[in-house]
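Below: one structure, written as structure tokens.
The values are calculated or read from the model by the stated rules, or taken from the named source; none is laboratory data. Here the structure is a predicted model, which is why all the values come from computation and not from measurement. Ideal geometry is used to build each Cβ from the backbone, glycine not excepted, and the neighbour counts take in all protein chains shown. In case anyone asks, the SASA skips ligands and DNA or RNA and just uses the protein heavy atoms, side chains included. Shrake-Rupley method; radii C 1.70, N 1.55, O 1.52, S 1.80 Å.
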Amino acid sequence: MKTLNGKPSAGLHGTLVVPGDKSISHRGIMLGAISEGTTHLSHFLTSADCLSTLAAFQQLGVQIERDDQEVTIHGVGLHGLQASAQPLDMGNSGTTTRLISGLLAGRSFTSTLIGDASLSKRPMKRVSVPLGEMGAQIATTDGHLPMTITGSQLHSVTYQLQVASAQVKSALILAALQADQPSTFVEQLPTRDHTERMLTQFGGDITTATDGVTITVQPQPHLTGQTMTVPGDMSSAAFFMVAASLVPNSKITLKDVGLNKTRTGLLDILQRMGGNVTIDAEPTDGEPIGDLTIETADLHPITIGAAEIPAVIDELPLVALLAAKADGVSRITGAEELRVKETDRIAAIVQEFKKLGINIEELPDGFVIDGRTPWHVTDTQLGAHDDHRIGMVLGVAGLLVDQPLELAGADSVRISYPEFFDDLDTLLPKE
């Protein structure tokens, strides 16, 4: 149980370096593993999810050393992975599960993927079905984990993605590297493009058409190990951006945050709502990065539909919190994907926000929130629902009430940001 001590009268102040980007840390391990030569990753995210990826590739015969946030991967090449003697434990990581499925689909051995209770409820047919169209042999358990992948020769496809998901897209791209001919994938909407960017950096041949949604992958690339510094995770930075925007008298700076345009949905929404954000971008050849300075602001309501959801899917609980303090009624729709995350995040947010007296209505695919209604705590016992992002958004919400709250399941933050509450404490006024 974590005690949330209530509103800091002096606001939030200070400078913070947020942990390495979760998506990029996952992909750095994977692409380093299937490259030739050595890959060095600095500022690697040492969360439970990313450590699940690291351990899985060690089981697949890849030598990997980690010294805190420094990781060295001795690549085995595109065809050098070896069968694991034991099932591969994905922990709670949907990213690990779906991306590694694409790689294992084209190998010459059989693999079984398992996960924790939460991950075992998440849908896997969204990857097993399209991979099957490439010739993969994948057996799920009623569409979920455990999942058995019998590797086989993959063939090229032209495939229209059925869900707007970077995880599904990335699984197909990794499978297409092993196909017999080029493959083309067409997204419903643009999703985060870390796989495409990083694959190009490692020597792959992948192109995105001018429409922004048609991706062509050339097979059998010669990938070469790289030296990379993982930028700060925008999804982690987002919690502090929202906290500083909403807690009176605040001003903070977040250093070296990733500014990939497919990840800045929360930043864009905050600015549209009237947020006070200064961006100091840094020149770079890889992923764009920069420093963000955020100050307290009076916010306007917002309407968000399906077209914007992919760029802000992980931050939607925070958008709901912004809306709960905006001067008017906000409406978020097209976000049914939230129902199949670590928990049903729509139901969880509505349940927990109502304990704080927030005027929120649950929709099948989102929320309607009236930020003009004063908050009135009706239940001081909050729950994280075994979901890291729910736990962190409630940690921020606890800064906006005048009394202490108790948060059950706060240790769920270890999945993506183990140091979240410690880092938040560094921005609070010292007694």
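General remarks:
- Residue within the range 49-59 that is open to solvent by 60 Å² or more (accessible area, probe 1.4 Å) and more than 22 Å from H194 (Cα to Cα) present: yes
- Cβ-Cβ under 9 Å pairs, at least 6 apart or on other chains, the range 247-263 side free of Cβ contacts under 8 Å to residues at least 60 places away in the same chain, far side buried (at least 16 other Cβ atoms within 10 Å of the Cβ) and charged (D, E, K, R): L259/E287; K261/D193
- Scanning the range 184-200 for residues that are touching a Leu at 6+ places or on another chain (Cβ under 9 Å) and either small (G, A, S) or over 19 Å from R263 (Cα atoms) (or both) yields F185, V186.
- The single condition from (1) out of contact with any Phe, Trp or Tyr (no Cβ under 9 Å at 6 or more places or on another chain); (2) over 20 Å from E196 (Cβ atoms); (3) hydroxyl-bearing (S, T, Y) that T284 fails is (2).
- Any hit, the range 110-127, residues being loosely packed, with under 15 Cβ neighbours inside 10 Å, of a type in the set (G, A, S) and over 25 Å from the mean Cα position of the chain (by Cα): no
- Annotation: R66 fulfils all but one of (1) in contact with a helix residue (DSSP H, G or I) (Cβ under 7 Å, 6 or more places away or on another chain); (2) open to solvent by 30 Å² or more (accessible area, probe 1.4 Å); (3) part of a loop (DSSP other than H, G, I, E, B); the unmet one is (3).
- Taking the listed residues E337, E352, E342, the one that is of a type in the set (D, E) and in contact with a strand residue (DSSP E or B) (Cβ under 7 Å, 6 or more places away or on another chain) is E352, with no other qualifying.
- Flag for T303 being β-branched (V, I, T) and without any contact (Cβ under 8 Å) to a residue 40 or more places away in the chain: yes
- Cβ separations smaller than 6 Å between residues 6+ apart or across chains give the following pairs from the range 331-354 residues that are touching a residue at least 40 places away in the same chain (Cβ under 8 Å) and of a type outside the set (D, E, K, R) to residues that are buried (at least 21 other Cβ atoms within 10 Å of the Cβ) and not in a loop (DSSP other than H, G, I, E, B): A348/I390; I349/P317; I349/A320; F353/I360.
- Single match in L154, L103, L78, L99 (criterion: touching a residue at least 60 places away in the same chain (Cβ under 8 Å), more than 27 Å from D314 (Cβ to Cβ) and of a type outside the set (D, E)): L78
- Single condition G328 does not satisfy, out of (1) in contact with a Pro (Cβ under 6 Å, 6 or more places away or on another chain); (2) in contact (Cβ under 8 Å) with a residue 60 or more places away in the chain: (2)
- If you go through the range 186-209 and pick out every residue that is in contact (Cβ under 8 Å) with a residue 24 or more places away in the chain, assigned to a helix (DSSP H, G or I) and among the hydroxyl-bearing types (S, T, Y), you end up with 1.
- Listed by first and then second residue, the pairs linking a residue in the range 46-61 that is within 11 Å of K22 (Cβ to Cβ) and of a type in the set (D, E) to a residue that is open to solvent by 10 Å² or more (accessible area, probe 1.4 Å) and assigned to a helix (DSSP H, G or I), with Cβ atoms under 6 Å apart and 6 or more places separating them unless they lie on different chains, are D49/I415.
- Residue check for H74: out of contact with any Leu (no Cβ under 9 Å at 6 or more places or on another chain), within 20 Å of P288 (Cα to Cα) and either open to solvent by 10 Å² or more (accessible area, probe 1.4 Å) or modelled with pLDDT under 95 (or both): no
- Members of the range 4-24 that are within 28 Å of F44 (Cβ to Cβ), in a strand (DSSP E or B) and not small (G, A, S): T15, L16, V17
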